[in-house]
Each structure stands twice: as structure tokens, then as C-alpha cells.
1. What Kirkwood hydrodynamic radius do you get for the chain when you take the inverse of the mean 1/r over all pairs of distinct Cα atoms, in Å?
2. Averaged over all directions, how much area does the convex hull of the C-alpha atoms of region 92-201 cover when projected, in nm²?
3. Between residue 190 and residue 47, what is 0.36 nm times their sequence separation minus the Cα-Cα distance? Round to one decimal in nm.
4. Under 11 Å from the Cβ of residue 93, count the other residues' Cβ atoms, weight Lys and Arg +1, Asp and Glu -1, and hand me the total.
5. If each residue's Cβ is checked for other Cβ atoms within 10 Å, how do 56, 16, 127 rank with the fewest at the top?
6. What length, rounded to one decimal in nm, is gained on full extension from residue 26 through to residue 110, with 0.36 nm per residue of separation minus their alpha-carbon distance?
7. Based on the Cβ-Cβ distance from residue 4 to residue 140, what FRET efficiency comes out when R0 is 35 Å, to the nearest 0.05?
8. Could you tell me what percent of the DSSP beta bridges with both partners in region 1-125 are antiparallel, to the nearest 5?
Amino acid sequence: MPELPRLVIATRNSHKTEEIRHILGSRFEILDVTDFPNLPEIQETGTTFLENARLKALGISRHIDGLVLADDSGLEVDALGGAPGVWSSSFGGEEGNHAKNNQRLITEMADQDQRSARFLCTLVLAKNGMEIANYHGKIEGEISRQPSGNGGFGYDPLFIPTGYSQTLADLGPSIKSHLSHRAKAIQSFVLNVSSGDLVNL
Ligand code: ITT
């Protein structure tokens, strides 16, 4: 069997890596930055998902060969003026603490009847420190009043996709990997790869 092309995900979030692996199936050998010692810590100083995805993709791609894909994503809640947005991973005051993030969201939404929200995902594909392409995906839904479910990560126990009555955490990985913001962005990447638009990858 021919060797699979290698794709390094520029993330330290193992949930993202697992979801991307699940969605891409056996098209690529998927690694992430935790498989490489001595890579720099990338500061996410951008104010948009695209800026931060670029910082991560280019910052990592300068140090390793081959294709690098960065994911910057987050939750936009209409009643909170679009927050937490690009600051989703530190909304509760501590970077990557999903329990604190969810607790703050529950508190801020306690008296809100307007509960619409969306997850957004931007992917940047890079090679040799240069951007090749970017892809976007979103999923609309609403914020539930109570957390529910054990699947997924982050705000999944509080997010009910439009057309469903359960949270993404209740719905589980096989449904999330078809519906999610990340799934849609990855599907655009796959279409782009299989259409031959990305030559000499
Ligand atoms: P890397 O920067 O290392 O990729 P990160 O988790 O810090 O990991 P982001 O800066 O893109 O990634 O922040 C994404 C945050 O948005 C994440 O920590 C969650 O709080 C939220 N989020 C993104 N996608 C999500 C999903 O599919 N389900 C639930 N929450 C999600």
C-alpha cells in the first residue's frame, strides 16, 4: 500500500486532533504538535479566527516539513454580542478550562430568552511557512439551560444544534463529525484536495 501523505495539525487540543482524524478517515496520516518536541508555543494575538489560525499554521509550518493544518474555532452567542468568540478557550478566566468556561456561560445566559449561537471554525493549510488555502465552517444552534452529555469537548454540553433537541455532547461523535463547524471546514478542505486544485502537495 502506498504511504499516506502526512498532515500535522497545529494544535495542542487532543479533542480537535481526534475529531479531525475521525472526519478525514484514512486519507492522511494525522499527527499534531504534541508529536514533535521543541516546537514553539504560538501566541494567539489575533482578533479574528483567521488571524489566529494563520499564526498557528505559519508558526508551526516554519519548523516542520510537509502539510500543516491549523484550526481556530469558537462559540459566538448573540445575546452576549458575539462573545466569547476568539476568546472561547479562556472565557472562564483560565485558558483551556472547559468546566469554568461552561460555568461562566451558564451564569451569563441565566436570564436570557434569546439563546441563539453558533460555532465557527477556520482552518489554514500551510507548507514551508507559506499559506496554501483557508477554509471555514459553522453550525447554528442555541445555548441550553442545563449542561447535558459526555461526548465532545468544550461547550458541547451546552450547545443544541438547530433541528435537534439534544446537545452536541449528547449526540456523540458520529453525528458531530457530520454536522459540526469543524466537519464543514474539513469537508471544504477535502473537496479542495480531491478536486486537484491543490497541486504538488
Ligand atoms: P489550539 O489553539 O492548540 O488549537 P484551543 O482549544 O486553545 O487549542 P482555540 O484557540 O481555537 O483552540 O479555542 C477553541 C475553543 O473554542 C475551545 O477551547 C472551546 O472552548 C471552543 N470550541 C471550539 N470548537 C469546539 C467544539 O467543537 N466543541 C466545543 N467547544 C469548542
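1. For the chain, inverting the mean 1/r across all distinct Cα pairs yields 17.3 Å.
2. On the way: hull surface 34.4 nm².
Result: a mean projected hull area of 8.6 nm².
3. Gain in length upon complete extension: 48.8 nm.
4. 0
5. The order, fewest Cβ neighbours first, is 127, 16, 56.
6. Values: separation 84, 0.36 × 84 = 30.24 nm, distance 4.28 nm.
In short, 26.0 nm is gained.
7. 0.55
8. Antiparallel bridges: around 60 percent, rounded to the nearest 5.
Every number here is computed from the coordinates shown, using simple stated rules; none is lab data. Computed from a prediction, not measured in an experiment: that's the story for all the values here. No Cβ is skipped: glycine too gets one built from the backbone with ideal geometry, and neighbour counts run over all protein chains shown.
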